[in-house]
Amino acid sequence: MNSERGVLSGMVLALALITGANASVVIYQTSFEPAEGYNTNADLVGQKGWIGAGSGGNGLVSGRLPGRGFQAYVGFTPPATNDSSLFLYQPINQSLPQVQFSVTMAIIDSTTSNRDDFYWSVFNQQGQSLFTLDFDNYELKLYYYLDNTNGRTWTGLGFTNGGSYPLSLVMDFASNRWSASFNGAPAATNQPISTVGASLNLGDIDAAWAIFDPSAPGDNFMVFDDYRITATVPAPQVALLGRVNGSPTLRVTGLTDNRYALESSTDLFNWLPLQTNVASGGRFDFVDDGPLGVPRRFYRVRWVP
């Protein structure tokens, strides 16, 4: 990852800054393979940090997305009495200005005439639903919901049961806008992440089964693979504030409530950790007692997921 470096030289007489560029970092990714530690004979819920809200079928299958090994699924097995949905999610809980999500998915049809909806829903850290993509297995159409209404908007796109499709989301929390593409075509463009003033941060991105008739759920299901969340992270800054008893006082600035690691080196090759801290209010300070008597010392700071 690109970083900012400050150079202290001549018994800590000067600080020079090298400005880095924004970086794309992986927040979370999985391909649901046994080599990652997944049990293919168990529910997905409870494995590798995955959580479920509601009840119903979920787990791992193979062969539904050719050439991709194992996939996760939601649906197929009826939920508990009175339940009408199951949401599967991996808690992310990050406050970042720009986030990207991608996944490969397929909707597998029911063997009966009972059919349901399958969602990709984005929630904030407060548990509020921000927006949702709705794959309607009755109509074979893709819709979306915003957070201010129960009404949905058709994207103009459809899908075929059993077809393998790439889906991607781009979320600009700083501008309160999101866009989506499905199978390479625009599904939504420049829509508001929240229309009701909800907190603009990322809690989780859920795969969900929404049952059309709770008394007659279908045995349809959604499979998904290569679940990946990345973020565009602005380069942090490190600055020299002054000296305390000869020791340099450094200030790290970055995104509010994000974590950053401050490191030092004498040769730009071997780096030692100094402090990893949350930038409450967008910054934190550190007094380095290490460089006393050292002719030169280098510093860098990096974002930590």
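The numbers here are math on the coordinates, done by the rules we state, and not lab data. Source: prediction; values computed, not measured. No Cβ is skipped: glycine too gets one built from the backbone with ideal geometry, and neighbour counts run over all protein chains shown.
Segment 35-102 and segment 245-266 have Cα centres spaced 38 Å apart. When Asp285, Asp267, Asp206, Asp172 are sorted by how many other C-beta atoms sit within 10 angstrom of their C-beta, beginning with the fewest, the order is Asp267, Asp285, Asp172, Asp206. Among residues other than Asp267 whose Cβ falls under 12 Å from its Cβ, what is the net charge (Lys/Arg +1, Asp/Glu -1)? Surrounding charge for Asp267 is +2.
Exposure proxy shown here: for Tyr299, Tyr119, the number of other Cβ atoms within 10 Å sets the order, fewest to most, as Tyr119, Tyr299.
At a 10 Å Cβ-Cβ cut-off, how would you order Val196, Val170, Val122, fewest neighbours first?
Taking fewest neighbouring Cβ atoms as first place, the list is Val196, Val170, Val122.
From the alpha carbon centroid of segment 106-127 to that of segment 159-198 is 16 Å.
Residues whose amide H falls under 5 Å from that of Leu274, counting only those 5 or more places apart or on a different chain, are Leu262, Glu263, Ser264, with hydrogens built in the peptide plane.
The residue among Gly54, Gly67, Ala208 whose Cα reaches farthest toward the positive pole of the charge dipole of segment 25-233, with charges on the beta-carbon of Lys, Arg, Asp and Glu, is Gly67.
For the chain, the alpha carbon convex hull comes to 150 Å³ per residue, rounded to a whole number.
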